[in-house]
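To start, the structure itself, in structure tokens.
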Amino acid sequence: MRRYLLARLAQTVLVVFLSLTAVFGMVRLTGDPVLLFMPMDIQAKDVNEFRERLGFNDPLAVQYARFLGNAVRGDFGESLRYRRDALGLVLERLPATLLLAGCALALTLVIAVPLGVVSAVRRDSVFDHVSTVVTVLGQATPGFWLGLMLIYIFAVQLRWLPTGGVGTAAHLVMPAVVLAAFYAARVARLTRSAVLDTLGEDYVLTARAKGLAETRVIGKHTLRNSAIPIITLAGLEAGQLLGGAVVTETIFAWPGLGRLTVQALLNRDFPVVMAAVSFTSIVYTLTNLLVDLAYGWLDPRVRKA
Amino acid sequence: MKAWLGIVLTVSIVLAAAGAPWIATHDPIQADFASGLRPPGTPGHPLGTDQLGRDLLARVLHGARLALFIGVCTVVVTAVAGGLLGLVAGFVERWPSTVLMRIADVQLSFPFILLALTINAIVGLGLRNIILSLSAAGWVVYARVVRGEVLAVKQRDYVHAAAALGVGRARLLFRHVLPNVAPSIVVVASLQFSQFIVAEAAISFLGFGVQPPTPAWGSMLSESRDFLYVAWWLAAFPGLALALTALGVNLLGDWLRDTFDPKLRV
Amino acid sequence: MRALRLLVVVLVMSTVGVSATSAQDRTRTKEIVVGFGAEPRTMLGVTIVDWTTNNMLEHIYDRLLDRDPKTLKPKPMLATGWKLVNDTTWEFTLRKGVKFHNGEPFDAQSIKATFEYMLDPANKSHYATPAYWKPLKEVQVVDPYTVRLVTDKPYPSVIDHASLTDLLVLPAKALKELGPQKLADKPIGTGPFKFVEWRRDDRLVVERNPDYWAGPADVSRVTFRFIPEFSARMAALLSGEIDIMKDVPPHAVDTVERSGRAKIRSTVSSRINYLALVNLKPGPMQDVRVRRAMNHAVNVDELITQVLRGNATKMCGPLAPANVDFAQVECYKHDPVRAQALFKEAGVDPKTLALTLDTPSGRYPLDKDVSLAIAAQLQRLGIKTNVVVNEWGTHLDKIKNRNTGDMFFLGWGPALHGQGTIEPLFKADATYSSYGNNKLLDEKIAKAVTVVDAKARAAAYTELQKLVRDEAPWVFLWQQHDLYGVASHVEWSPRPDEKVWMYEAKIVPR
């Protein structure tokens, strides 16, 4: 077990490293960083001078080596746009991002898993049909559209909630709901599918034949075995949520990591992009590690010794 | 019952897409500045017009073609690529599995918009960008889910039994494992189809949509944001079309899954 | 069960916190909330050229000179008088009795320290470039309230720069003791508002400076909220969460007016939009007759009435009336017959002409829609136009690398003085120019930017504008109209230089 853990951790480091290299290259493909944070009346030679001073005229290999050397020490340079420490900007966004991600994930699991289980158990009932339609609609609705509709109804017309920003628990409601709507739909459908699979298995028939209470059948025997695809998806989504939900954060003016990353990309603010991606990369691979370990715990047959 | 609804919806959308030029009398890209932002029910424009005076019904119907095209292309590419990779990774395990999972991790750990921006730098904005970006992002889901399923199925008794009987590995994979994993692929595919169409909306929101004046539901929805309080129909009808298509395809996927999975015909 | 009830109570109570700063409360306490789409990049003046940043900084810092909101002519601010001592020296008399927010007195040393900070290459200020303050050679402190700016060649734009955010005055002592990094987070200025807090990506809060030399502001507290999504901003205006919003599109005017909470205030902006006809690479646009034909072919009036709903002021030359160096030139009339004749003369058949038009999307009011409309208009003459929509960064990249199609859509502004508009846009080596290699024009530009005498300067720029108009490097379009949504209880008039300056705002109880 320990060997497995160490091997996986080593792989995590490799993944982060590869990810950074890939992003380093991709981001430079997207265009000239210097243009976008210079005023429009700048002259060509001044642009060059700035580029020179910031090290963008050096050969790519040199830039890459310099970047890696600094990144290992946690120094991602200064944001081209804001003139502040790039990593600092990323870390500033963490509390808000974690708050929103946590709420959305909790909401998702609380709604989706029971919904999926009940739909599977009461297959082809009215409940099942209605929940199918609802979950499909939950995924067919683009997040921004849902968000704007909610803002219009609850903020403009009813005035129950604020249109956006941070501050009170009320500011959290709509963004979390919009995020959860999409993910909950997915998790619910996959839960239903996975539970249905398991319900057909022999051990379930056996458990029923033994006279076990239905809830015990579902809770202990079914759920644990159908957990794998559910957890895969939940794990994928947690990772993505933590990377920041760009669309939701933009609509609701939520000061999170997703918004920062997108703006940095659109503004070609390389240092901030690299810092943000490093962060999400590490978080994401660690989450996956946890998910894989959870596999092993839930299904001993899958455990890698 | 659900199956009927699914089939009916899907077929309707396909027919609407095919018959678009005949059902709608206007050209979807013909601008007519003088009749911009007309509400539904205006003579000649049953669904109204957009800000440049283009007929909304025509744009929604032609948008169906694009939606189906995007959906089919991306699903085929991602299912084949991702599914195969996941299958192999789950079945063979050891290093192919590890390599694949790490590559997937690498890709998933950087933000989707970076992919879109990079592709944008290479091919510019437009349909190719959308399909490439969505495919690049979408294969991973298949790979991971399929691999997970394969790992589980592999451990099942009938697979062990077949292996003990001396069935060859390839046969094991394609005769015994694949059929049991297939329902998941189908369900995921039906989920993904509608999701890709919806994702086109998100891509347009970020600024990487199709080139105007091409009518695509996603970019129509994205543009409708600016007119939300002024012309509700610009968001309502493309949104409705999107929702109905997603519903139809998903129900169809459910029915297919139920047909393919004999265990459930209890 | 009890825990659940408690949870519900807590949730409800925290929800109530929302209505704390409703519009009625704000009228009582004289607070104002402004909604912007972007956030500032720094709190330190004279560092970064960015409209959003500087607009907010103007609440905290003062300039040497101000501009009259209507005529846009320079007015005293921290300097009470100015005169030209010789061709390369300007002398400013400074206002007495002004204090910075930390108590430090304002005098000539502040000016000197500001320039020292700005021109130090280590600080990488955008203002140290030739378009701004690079020609400044020396700052002479004659006495505590008199300062001289010496340039290395005649530089008439000194007055223009001194009256814009190109010279926000920093505190000398604080700069030395705290250093630029600290001031970039907690700024100190002499302005009508003091810094309170800045929560990145969320809000900037400033409060009234009771000791402001020109009298305290009517508004007691200003909160700038950053809401990137346009419709969310609109929702915030309609729900009363924000009081002022910029860039309301023409089609939303009715909605705002009918809401009962806010009204539309509009002004003609100094920002201009134009369709550049690229002559910097081989193509049909290299022939001046083709360019003139394009000006006759596009119906600018129709674009203004139909697409922008009347919210633009037509321009006939490169400078707009809001520009201090503006001179009237003859307009190109919409005349398809004349256009056809010119095309024929140039040997071009419009029916076989295929052009490419690059445009951004959402950067300027209805930029994409205008581009599509222009393409439709050209279609009437048989010209096929392929409109290519670019992401903003890509658009700039393409223009700089001369990689666009035959035409591109762009805006420029605030375009308040001639040099700032003509020099960067009509010379072949300028970054975002679409036109160049005209020796006569280059000579005239080089001469005009050094003319200091007011009358001679006016004559030089008039000649330049006529020349540019005849060369038709653009299809001349218009000056934007800025439409602002302003809450009914706020009295504030928009300015043509796009400044949203809350010192001028008054809260009027209803």
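Considering each of B:ALA16, B:ALA67 in turn, give the residue that is within 19 Å of B:GLY209 (Cβ to Cβ), buried (at least 18 other Cβ atoms within 10 Å of the Cβ) and either out of contact with any His (no Cβ under 6 Å at 6 or more places or on another chain) or not aromatic (Phe, Trp, Tyr) (or both).
B:ALA67
Taking the stretch B:193-222 on its own, how many of its residues are within 13 Å of B:ARG59 (Cα to Cα) and within 9 Å of another protein chain (Cβ to nearest Cβ)?
Result for the stretch B:193-222: 4.
Can you tell me which residue within the stretch B:225-245, out of those that are facing chain A (nearest Cβ under 9 Å) and touching a residue at least 40 places away in the same chain (Cβ under 8 Å), is farthest from the chain's Cα centre (by Cα)?
Top of the filtered list is B:LEU244.
Any residue at all in the stretch A:250-257 that is outside any helix (DSSP H, G or I), modelled with pLDDT under 85, within 18 Å of A:VAL166 (Cβ to Cβ) and within 14 Å of chain C (Cβ to nearest Cβ)?
No: the stretch A:250-257 contains no residue that is outside any helix (DSSP H, G or I), modelled with pLDDT under 85, within 18 Å of A:VAL166 (Cβ to Cβ) and within 14 Å of chain C (Cβ to nearest Cβ).
Here's the yes/no breakdown for (1) farther than 25 Å from C:ARG203 by Cα; (2) in a loop (DSSP other than H, G, I, E, B); (3) of a type in the set (Asp, Glu):
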residue: A:GLN139; (1), (2), (3): yes, no, no
residue: A:PHE144; (1), (2), (3): no, no, no
residue: A:LEU148; (1), (2), (3): no, no, no
residue: A:TYR152; (1), (2), (3): no, no, no
residue: A:TRP160; (1), (2), (3): no, yes, no
residue: A:THR163; (1), (2), (3): no, yes, no
residue: A:ALA170; (1), (2), (3): no, no, no
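Can you tell me which of A:ALA112, A:ALA155 is at pLDDT 85 or above, closer than 23 Å to B:LEU244 by Cα and crowded, with 21+ Cβ neighbours inside 10 Å?
Every option except A:ALA112 fails the conditions.
Scan the stretch A:18-59 for residues that are within 25 Å of B:ILE119 (Cβ to Cβ) and of a type in the set (Val, Ile, Thr) and jot them down.
Result: A:THR21, A:VAL23, A:VAL27, A:THR30, A:VAL34.
Go through the stretch C:96-144 and give me each residue that's within 23 Å of the chain's Cα centre (by Cα) and of a type in the set (S, T, N, Q).
C:THR114, C:SER125, C:THR129
Quick one: is C:ALA276 at pLDDT 90 or above, of a type in the set (Gly, Ala, Ser) and part of a helix (DSSP H, G or I)?
When the stated conditions are applied, C:ALA276 does not pass them.
Hand me the list of helices (runs of 4 or more DSSP H) wholly inside the stretch C:102-218 holding 2 or more residues that are surrounded by fewer than 16 Cβ atoms within 10 Å (Cβ to Cβ). Explain how you work it out, then say what you get.
Working: elements: C:108-119, C:158-162, C:172-185.
So the answer is C:172-185.
Looking at the stretch C:25-48, I want the residues that are within 10 Å of chain A (Cβ to nearest Cβ) and have a partner that is assigned to a strand (DSSP E or B) with Cβ atoms under 6 Å, at least 6 apart or on another chain. Which pairs are those?
That search, which allows pairs on different chains as well, returns C:GLY35/C:ARG225; C:GLY35/C:MET245; C:GLU39/C:PHE226.
When the stretch B:176-224 is examined, which residues are found to be of a type in the set (A, V, I, L, M) and free of Cβ contacts under 8 Å to residues at least 24 places away in the same chain?
Hits for the stretch B:176-224 are B:ALA202, B:LEU221.
Yes/no per residue for (1) surrounded by 24 or more Cβ atoms within 10 Å (Cβ to Cβ); (2) in a helix (DSSP H, G or I); (3) modelled with pLDDT of 80 or more:
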residue	(1), (2), (3)
B:ALA143	yes, yes, yes
B:ARG147	yes, yes, yes
B:VAL150	yes, yes, yes
B:ALA163	no, yes, no
B:PHE196	yes, yes, yes
B:GLY209	yes, no, no
B:PRO215	yes, no, yes
B:MET220	yes, yes, yes
B:ARG225	no, yes, yes
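Under the condition of being among the polar types (S, T, N, Q) and within 14 Å of chain B (Cβ to nearest Cβ), which residue from the stretch A:137-175 is farthest from C:MET234 (Cα to Cα)?
By that ranking, first place goes to A:GLN139.
Which of the residues spanning the stretch C:71-93 are part of a loop (DSSP other than H, G, I, E, B) and either surrounded by 12 or more Cβ atoms within 10 Å (Cβ to Cβ) or touching a residue at least 40 places away in the same chain (Cβ under 8 Å) (or both)? Give the derivation first.
Initially, the stretch C:71-93 is screened for residues part of a loop (DSSP other than H, G, I, E, B), giving C:71-73, C:77-78, C:87-88.
Answer for the stretch C:71-93, where residues must be part of a loop (DSSP other than H, G, I, E, B) and either surrounded by 12 or more Cβ atoms within 10 Å (Cβ to Cβ) or touching a residue at least 40 places away in the same chain (Cβ under 8 Å) (or both): C:LEU72, C:LYS73, C:MET77, C:LEU78, C:ASP87, C:THR88.
With respect to C:GLU91, is the statement that it is under 17 Å from C:PRO216 (Cα atoms) and at pLDDT 90 or above true?
It is false that C:GLU91 is under 17 Å from C:PRO216 (Cα atoms) and at pLDDT 90 or above.
Return the only residue of A:VAL62, A:VAL15, A:VAL72 being closer than 21 Å to B:LEU115 by Cα, more than 14 Å from chain C (Cβ to nearest Cβ) and at pLDDT 75 or above.
Going through A:VAL62, A:VAL15, A:VAL72 in turn, the sole match is A:VAL15.
Restricting attention to the stretch B:32-41, and to residues there that are surrounded by 14 or more Cβ atoms within 10 Å (Cβ to Cβ) and either of a type in the set (Ser, Thr, Tyr) or closer than 18 Å to C:PRO250 by Cα (or both), which single residue is nearest to the other protein chains (Cβ to nearest Cβ)?
B:PHE33
On the basis of being outside any helix (DSSP H, G or I), of a type outside the set (Val, Ile, Thr) and either surrounded by fewer than 22 Cβ atoms within 10 Å (Cβ to Cβ) or out of contact with any Leu (no Cβ under 9 Å at 6 or more places or on another chain) (or both), does B:ARG102 make the cut? Quick ask: steps written out before the conclusion?
Values: outside any helix (DSSP H, G or I): no; of a type outside the set (Val, Ile, Thr): yes; either surrounded by fewer than 22 Cβ atoms within 10 Å (Cβ to Cβ) or out of contact with any Leu (no Cβ under 9 Å at 6 or more places or on another chain) (or both): yes.
Considered against the rule, which asks whether it is outside any helix (DSSP H, G or I), of a type outside the set (Val, Ile, Thr) and either surrounded by fewer than 22 Cβ atoms within 10 Å (Cβ to Cβ) or out of contact with any Leu (no Cβ under 9 Å at 6 or more places or on another chain) (or both), B:ARG102 comes out as no.
Being surrounded by 20 or more Cβ atoms within 10 Å (Cβ to Cβ), part of a helix (DSSP H, G or I) and away from chain A (no Cβ under 11 Å) narrows it down to one residue among B:SER190, B:SER133; which is it? I'd like the intermediate steps shown before the answer.
Values: B:SER190 fails: away from chain A (no Cβ under 11 Å).
Residue meeting the stated conditions: B:SER133.
The values are calculated or read from the model by the stated rules, or taken from the named source; none is laboratory data. Being a predicted model, the structure only gives us computed values, none of them experimental. Quick reminder, even Gly has a Cβ in these numbers, built from the backbone with ideal geometry, and neighbours come from all protein chains shown.
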